[in-house]
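Input: a single structure, listed below in structure tokens.
All of the numbers you see were taken from the coordinates with simple rules; none came from a lab. Source: prediction; values computed, not measured. No Cβ is skipped: glycine too gets one built from the backbone with ideal geometry, and neighbour counts run over all protein chains shown.
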Amino acid sequence: MFELPSGAEIQSIIAVLKANTGFFIPEIYLSVLFMAVILVDLVTKGRKNNVLSITTLLGLLGSIYFIFQQHALPSGEIFFGMYVIDRYALFFKYFFVVSGIIAVIITMADEQFNREVKSMGEYYALIISMVIGMIMMASSGDLLMIFLSMELVSFSAYILTGYFKRNRRSSEAALKYLVYGAVSSGLMIYGFSLIYGLTAQTNLIKISAALAAHGYDPLIMILATLLILAGFGYKIGAVPFHFWSPDVYEGAPTPITAYLSVASKAAGFALLMRFFYIAVPRAALPVEDVMGIDWVALLIVLSIASMVYGNVVALWQKNVKRLLAYSSIAHAGYLLLGVLLRDALGTQATLFYLTSYFLMNFGAFYVVTLIANKTGSENLEDYRGLGRRMPIAGAALTVFLISLVGLPPTIGFIGKLMIFSALLAKGSLYIWLALIGVLTSVISLYYYMLIPLNMYLRDSEQPEEKSFNPGLIANILMSFLMILTLWFGLFFTPLSDFARYSSAMFGITLQ
Amino acid sequence: MEQLATIGLNHYLTISAILLCLGLFAVMTRKNAIVILMGVELILNAANINFLAFSKYNGSMQGVMFSLFVIVLAAAEAAIALAIVINIFKIFKSVDVSSIDSLKE
């Protein structure tokens, strides 16, 4: 049925692969680092020291150099359309590497690891493999590559979630994550197979060309879109694919919770935007959609549901990690508002919002980790009187929470402002979406402010009032994130310029 | 009758749709973690049948490639899933997902 390629063809394929390797250096470097960390673990086995984490940290820092080199490269497809190099992917490469670094730093500060596990073993290697997977997610130009990279991220994340093997909650979280993840990726593959059936292509740009040239059955298209959204929606944690997230966020080790809530979600958004913007461009479609329902309409429903559900259910949460889990569902809703605009302004706003979410969410989880080290608890009640006992941590957490609400003068305010103003610029229906966004932000004010309320205005029931000091490095990182949150809230131009610079995707020109 | 006599694309697609529904049914109704994972395998194989059938009738090679990768990743996923389920069994003495509920609202 299929012809075998001739010798000359094979030679030319090998030549292309060789030529394209130069565009793939950061990924190769990180893969080598992954293996190096496993080797280092083998050599230092049994010893409790920081060799592994320092190696990982320096290795990840080194990869920033190779990513920086890629600014000089022209955007284009490599490896026969499997992989894409463009400024959009570059933004996410920085994003994931830096979030990997911060996840490692939070892990070094977390004392729970000393109690729960004997050795850090594969932990750091898996964090690196997640970084590689997410970088590939952001740069994939083919359905096959999307599938492979998503599974690479998911598999590493399942193991990391259940890393506390003897801990009931961690193991249970891993099981739940696994079951939901496996089902939703299975549905996504089924959706991919339908798209492949419609177009006979797996490359995103060729899919879009085939859809425009031959037309399609709108019913099958909407079915495929729904199934694919199950996979992407699971990664970004949007309603109604969010069921795993509160349990997983509560049960997983805190650094992994932070990592999943920021990096894995951003990877989902990177993929979502690239897939829908390039493969299913709305304007180019010749056929009328079923009752006007297309992926934009589906994303509008997802976005509203996420904002309302996340913010309302968070009101009743007593566990801070669970509260932040619901807040991250709500933030997926805000981010979707930027995605569904599918224009340059919306993309810029989404990228900016992701950066702001990165700073404030990592900051909040870092402080929660430090507080849990000292008090051994993540309950809201146990935060009473902490503001006086941990002055820097209390101030930092308050700043991060103000930023999560979206109040000035923080980066969260600028992020929300950019998304809402992009919505207003589009007009008509989108103004209502902006209104819902603003109203749900007001609801979120209540539950976020419960934490500073407990920290500063309510006294602890225990009489002892000794002050905690989380240590110099922790204080420096915490203050660093806090100052960045405030700094970019006032001087946001470089960051928003970078977001605009990065909103150039290969294969489509956004207006 | 003639339509039934020769096996065409529709037959493959029907089989795969039935497999998908059976897989989803297993995932949603079963309580045993192992059976849920079997349901996931059914879903993946439904997609595989689709890919192979489309590949046969499109004449393009990508579907075959895709299904090969799906098979490999399904095996990897099963390995990780079983490791997690074994760990769950050690801790909870059960693989019944309804009894594994220490994380709650």
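Extent along the principal axes, Cα only, for region B:32-97: 51, 16, 8 Å, with the longest axis given first.
How much net charge surrounds A:Ser140 when only other residues with a Cβ under 11 Å from its Cβ are counted (Lys, Arg +1; Asp, Glu -1)?
-1
Both radii were evaluated on the Cα set of region A:1-42; the Rg over Rh quotient, with Rh as the Kirkwood radius, amounts to 1.28.
Quote the FRET efficiency, to the nearest 0.05, computed for A:Thr493 versus A:Leu439 with a Förster distance R0 of 22 Å and r equal to the Cβ-Cβ distance.
0.15
A simple spin-label model places pseudo-atoms 7 Å from Cα toward Cβ; at A:Phe79 and A:Ile10 they are separated by 2.1 nm. Mean per-residue shielding of peptide B:58-64 is 5, counting Cβ atoms of other chains within 10 Å of each Cβ. Count Lys and Arg as plus one, Asp and Glu as minus one, and take only other residues whose Cβ is under 13 Å from that of A:Val16; the net charge is then -1. Starting from one equal scatterer on each C-alpha and no solvent at all, send me the Debye-based log10 I(q)/I(0) for region A:307-511 at q = 0.07, 0.12, 0.13, 0.14 Å⁻¹, two decimals. Debye intensities relative to I(0), on a log10 scale: -0.22, -0.62, -0.71, -0.81. Structure note, pairs A:Lys93/A:Lys265; A:Lys165/B:Lys90; A:Lys235/B:Lys90: Cα-Cα distances above 18 angstrom occur for A:Lys235/B:Lys90.
Exposure proxy for A:Thr56, B:Thr14, A:Thr199, A:Thr44: other Cβ atoms within 10 Å of each Cβ, ordered fewest to most, give B:Thr14, A:Thr44, A:Thr199, A:Thr56.
Taking every alpha-carbon pair in the protein assembly as shown and binning the separations at 10 Å intervals from zero gives 3, 16, 28, 28, 17, 6, 2, 0, 0 percent.
Can you compute the equivalent ellipsoid semi-axes for region A:12-81, i.e. the square root of 5 times each eigenvalue of the Cα gyration tensor, sorted largest first and rounded to whole Å?
Rounded to whole Å, the semi-axes are 32, 15, 6.
Taking B:Lys31 as the anchor, which lysines have their alpha carbon closer than 17 Å to its alpha carbon, excluding any fewer than eight residues away along the same chain? Partners within reach: A:Lys176, B:Lys93.
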